Amino acid sequence: MILAGIANATPTPVGVPGANIFTSSLILSLSIWVPAAVAIAMNAIPNPRGRYDTLMKQIAFFTNLGILFVLFIAYNQFQTFLPTIQYEEKLPWLPSIGATYHLGVDGTGMTMLMLSGIVGVTSVLASWGVRERVRSYFSLLLLTQSAVNGAIAAHDMFVLMLFWGAAVVPVALLVLGWGGPRREAAAWRLVGYWGIGTAALLVAIMTAYAASGGSSFDMDVLLKATLSPRVQLAVGVPLVIAAATRLPLFPLHGWVRDVYSEAPLGVSVVIAGSASRLGAYLLLRTFVGADPDAARLLSPLIAALAVLTIGYAAVVALRSRDLRWAAAHLAMVPGAITVFGLAALTPLSIAGSAFSIFTGGLAAALIIAGVWTLTDRAQTRSLQLLSGLAPRMPILTWVLIVGALALLGVPLLASFPAEAMILFGSFKTQPIGAFAVAAGLVLTAVALAALVHRVLFGQPNHDAPAVSDASLGETWYLGVLAGVLLWVGLFPGGPKLPGTDQTIFDPGLVNVLSAGITDIASPYVPPAPPAATQ
Amino acid sequence: MTNFVLVPDALVVASALVLLLAGRARRRTRWWMPVAAAAVTLVALGIELWAGSAVATYFGGAVLQDRFALFAKSAVLLAATLAIAVTDWSDEDAPAIGVSMVLLAAFGAMVVASAGDFVGLWAGLELAALAAVVLVSMRRTDLGLRLLVVGGVASALVLIGLAFVYASTGSADLQAVRRAITQSGPTLPLAIPVLLLLGGLAVRAGLPPLQFARLPISLGASPLGAGLVIGLVGVAALTLGVKIAAALSSVPALFSPYLMVVAAVAMVGGGAAALATRSPRARLAYLAAGQVGWVVAGLATHYRSGLAGSLFLLGAFALAATTGPAVMGGADVGEFALAGMGTVRPARAAGIALVFLSLAGAPPLAGFFGEFAVAAALAQGRAFWLLALGTLGAVMSVAAALGTVRALYLQSPPDESRRAAGARLPVLTRLSTIGAVALCVVIAGYGVFGNPILSLADQGAEALGLR
């Protein structure tokens, strides 16, 4: 019932206790500019010899917590019965080229912002161990958060381009400055791939701009313009490239291994959790929702890329001798599933994909964070040394199992309804692809089972370095990610007062998500069968 | 108000002469000279913005004050002010001459901006270029001579081109040339001089692959000298290019294909070369060349929107390219010279980082907004191949700029005793700190508050007769 409800939103207001406690017409701007302003202000605070490092960490943490609080209020007060964008802000920026400072979110955007907020808090907690150049690190982390939030909230292609491109600089600097031994290669690969994606996005935007009359970059104009299938294709192909570099999808995944294994943990969490999800979000908002002809034409290709990505990731994880490399490739799986749902082009699969952006981000972040922490605690990444760690790492064992199950979409976890919707929704339009995705998930399960069996439940290796379990601080960020996956899995429609339909404090992710999906999926609704004549 | 229009020009040139004479009379460095020069240019900027909105002609049409002149002169004055403010004057060979040459170069660029005929265009460009020659010669006579020779070739090409256009159209007045060309249409006798003219301007602006002289000169010159060569002289050449492109806009076949090729080579070549080099100043020069490619790409569209985009970007370019070498100071021997500057000179380091990122076109800085405006014009003109090459160049440029930002913030500063001569830290003064902070604010705020600037650029393009 709940799952079907996402694809068919009902125009019924649902009252949420606590609504309208706090309202601000600048709620989206706050989520974008407060982290940026704090990042700049942090750099103005003198910090001789790292004297105020702890203060810097606390500032970053409370800024992210504050942003999450504001976003939760926005999420809580989101009008789930309205298909239009909400929290809209519109100001002229560069009127002579048609650029406006236009922000606004639909249901998917709101859940993406929540994802970004949760991942932001988690990333600061995961970065608590940073000791070098603390001020610069947390400034860059906040700037990344700002750029990601801006790209999510953008309702003008110019603003989207601005924040999409702006995310590259702080992330690359974070990898370059605080990464592992191979950080240079990792950072340059990231800049190369994300740079190509940014260039492709610019080409797509400009093509759409020129084709729609060259008067405005506003999504209300650009995405609703009637374009010929040929122009849609010219816009769609670069959009797919942009999304494929960011998510990533095979064969544009060259940055994944190095970045996820070499970047500092907090940065990996941000990339896996929210920054890379922007790829799927871009496809959903600007391609599937705006270029239906091109989407239909390219859907087999996109579906094939998704299937190849899942298969490739599973095979590489199976063959890998480095646990972080294996996890890096496995973290590609949720994004590929999301893209497959978009390629299937049915209302149910598209809704599943929108859901999957949120759950996939959490699952990818959890698996990356869990494995990173485990390898840190075990003092090695080698799968030849890591074995039988479960008795000595009970907390990390649980975390890794939850992460593995979340990747596979097991019931009770948030990724289950998302993956179920995608697979159910896609069997009609992409039966071979759906079968291939299912087979790929089986292969992923084999890879995960092999890893979990070997690393956690195998024979203990007495030659391996000493290990220790996750500390309290590490348990916090891992627990937040796992906890949200469980919460949304248990209460996708929000916890209700017993015996009523009244949600308590969480309006339910699926309810929020449903707003706007109907609009995006409308070109793909199958025509109603003719009424039976008597 | 029209009486005040020429006051900024007069103020700048008079100050240059006074400072030159003062420096001649008292050879000892005087702390007040840069402060006075910065104050004069700032006052001139204020007067320009206040009185420059009046449309007027002087000297029988030889000098035009319109929105184009207002925009270009304001950009030049702001760039000169910030360059004087951020310069480490202890590293300049003769501060009095240095300050004067910056003012003279700015005056030259202002003359080009308000020139109504070929004579003014050529004279302004030569004045700016000669000021740079003097400043370069103060440190390296051989490089000064080289700049003079190469500049002479460029000047000859420009002059021959202008002379042939004059011969073909029968007038040196830009408006009359525009009318004559509109009537005659594109002809071979006109195409050849235009090619020569553009070639000369490309050498002057140091566009790849014609940077053979400009790069070594900008590497060997003092920081401010390099700023003049890379920045103000380039701005003067580009301003001349904008005026010529506007005059020829009715016959785009005469210049548009050349400009597209030049722009493509500059954008991709500049980005690739910036990525390949390790010297901060060479990298800055290549990044600047890449951004000049974007400016030229906007001119190639021969539409008002393209020209407005180019102008908007030209303002950003003038700020970053002129102040870039100056804000770096003596750190020109390698990336290690900038290592850890974020810790020891935070304001200056922020200025360097923003200059590099802006020249690379990284969002959300001045260069990004300008390049985006040009990209929009290219899309409107259906020049998607040029747009794709430009974005490729921008990606390489951003990667190159990140290398410098990394050195500034992510590397530890070297031990003072191990600092090489060329890696000397700039001396901290109140003026340089204020200048660096102002530079950061201007580069970061240029696009954020870009509406009035782009509107003015648009009016500037309209003033040149484009629709």
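See the values below:
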| item | result |
| --- | --- |
| Only listed residue being assigned to a loop (DSSP other than H, G, I, E, B) and either surrounded by fewer than 20 Cβ atoms within 10 Å (Cβ to Cβ) or not acidic (Asp, Glu) (or both), chosen from B:Ser250, B:Ser305 | B:Ser250 |
| Criterion violated by B:Ala388 - all others in (1) touching a helix residue (DSSP H, G or I) at 6+ places or on another chain (Cβ under 9 Å); (2) in contact (Cβ under 8 Å) with a residue 12 or more places away in the chain satisfied | (2) |
| Residue tally, condition more than 25 Å from B:Leu70 (Cβ to Cβ), within 14 Å of another protein chain (Cβ to nearest Cβ) and of a type in the set (D, E, K, R), over the stretch B:299-340 | 1 |
| Residue that is nearest to the other protein chains (Cβ to nearest Cβ), among those in the stretch B:367-388 that are crowded, with 24+ Cβ neighbours inside 10 Å, small (Gly, Ala, Ser) and under 21 Å from B:Ala272 (Cα atoms) | B:Ala375 |
| In the stretch A:95-121, the residues that are of a type outside the set (S, T, N, Q), within 14 Å of another protein chain (Cβ to nearest Cβ) and surrounded by fewer than 24 Cβ atoms within 10 Å (Cβ to Cβ) | A:Pro95, A:Gly98, A:Tyr101 |
| Qualifying residue in the stretch B:180-187 (condition: modelled with pLDDT of 85 or more and surrounded by fewer than 19 Cβ atoms within 10 Å (Cβ to Cβ)) | yes |
| Options B:Thr391, B:Thr343: the member that is among the hydroxyl-bearing types (Ser, Thr, Tyr) and either surrounded by 20 or more Cβ atoms within 10 Å (Cβ to Cβ) or away from chain A (no Cβ under 11 Å) (or both) | B:Thr391 |
| Residue in the stretch B:402-414 that is over 18 Å from A:Arg133 (Cβ atoms) and more than 7 Å from chain A (Cβ to nearest Cβ) present | no |
| Subset of the stretch A:41-68 [at the interface with chain B (Cβ under 10 Å from one of its Cβ atoms) and hydrophobic (A, V, I, L, M, F, W, C)] | A:Ala44 |
| Only listed residue being assigned to a helix (DSSP H, G or I) and surrounded by fewer than 23 Cβ atoms within 10 Å (Cβ to Cβ), chosen from B:Ile84, B:Ile47 | B:Ile47 |
| Top-ranked residue in the stretch A:69-94 [being farther than 20 Å from A:Ser25 by Cβ and not in a strand (DSSP E or B); ranked as farthest from the other protein chains (Cβ to nearest Cβ)] | A:Phe81 |
| Any hit, the stretch A:47-63, residues being within 26 Å of the chain's Cα centre (by Cα), surrounded by fewer than 16 Cβ atoms within 10 Å (Cβ to Cβ) and not in a loop (DSSP other than H, G, I, E, B) | yes |
| Filtered residue count, the stretch B:313-368, keeping only those that are over 27 Å from A:Leu160 (Cβ atoms) and either in a helix (DSSP H, G or I) or without any contact (Cβ under 8 Å) to a residue 12 or more places away in the chain (or both) | 23 |
| Per-region count, the stretch A:222-246, residues touching a Phe, Trp or Tyr at 6+ places or on another chain (Cβ under 9 Å) and surrounded by fewer than 24 Cβ atoms within 10 Å (Cβ to Cβ) | 1 |
| Residue list for the stretch A:495-517, filter: among the small types (Gly, Ala, Ser) and not in a loop (DSSP other than H, G, I, E, B) | A:Ser514 |
| Candidates B:Gly170, B:Gly185, B:Gly200, filtered to the one that is touching a helix residue (DSSP H, G or I) at 6+ places or on another chain (Cβ under 6 Å) and not acidic (Asp, Glu) | B:Gly200 |
| From the options B:Phe164, B:Phe118, residue that is farther than 20 Å from B:Thr322 by Cβ and surrounded by fewer than 21 Cβ atoms within 10 Å (Cβ to Cβ) | B:Phe164 |
| All positions within the stretch B:435-467 that are more than 12 Å from chain A (Cβ to nearest Cβ), at pLDDT 90 or above and surrounded by 16 or more Cβ atoms within 10 Å (Cβ to Cβ) | B:Gly435, B:Ala436, B:Ala438, B:Leu439, B:Val442, B:Ile443 |
| Leading residue by the ranking (nearest to B:Val229 (Cα to Cα)) among those in the stretch B:171-212 that are of a type in the set (Lys, Arg) and touching a residue at least 60 places away in the same chain (Cβ under 8 Å) | B:Arg204 |
| Condition met for B:Val40 (within 19 Å of B:Gly124 (Cα to Cα) and in contact (Cβ under 8 Å) with a residue 12 or more places away in the chain) | no |
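Residue-by-condition table, conditions (1) of a type in the set (Ser, Thr, Tyr); (2) closer than 23 Å to A:Ala186 by Cα; (3) at pLDDT 95 or above; (4) not in a helix (DSSP H, G or I):
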{"position": "A:Leu284", "(1), (2), (3), (4)": "no, no, no, no"}
{"position": "A:Thr309", "(1), (2), (3), (4)": "yes, yes, yes, no"}
{"position": "A:Arg324", "(1), (2), (3), (4)": "no, yes, no, no"}
{"position": "A:Ala336", "(1), (2), (3), (4)": "no, yes, yes, no"}
{"position": "A:Phe340", "(1), (2), (3), (4)": "no, no, yes, no"}
{"position": "A:Thr373", "(1), (2), (3), (4)": "yes, yes, no, no"}
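The values are calculated or read from the model by the stated rules, or taken from the named source; none is laboratory data. Quick caveat, the model's predicted, so the values are computed rather than measured. A quick note on method: Cβ atoms are made from the backbone with ideal geometry, for glycine too, and the neighbour counts reach across all protein chains shown.
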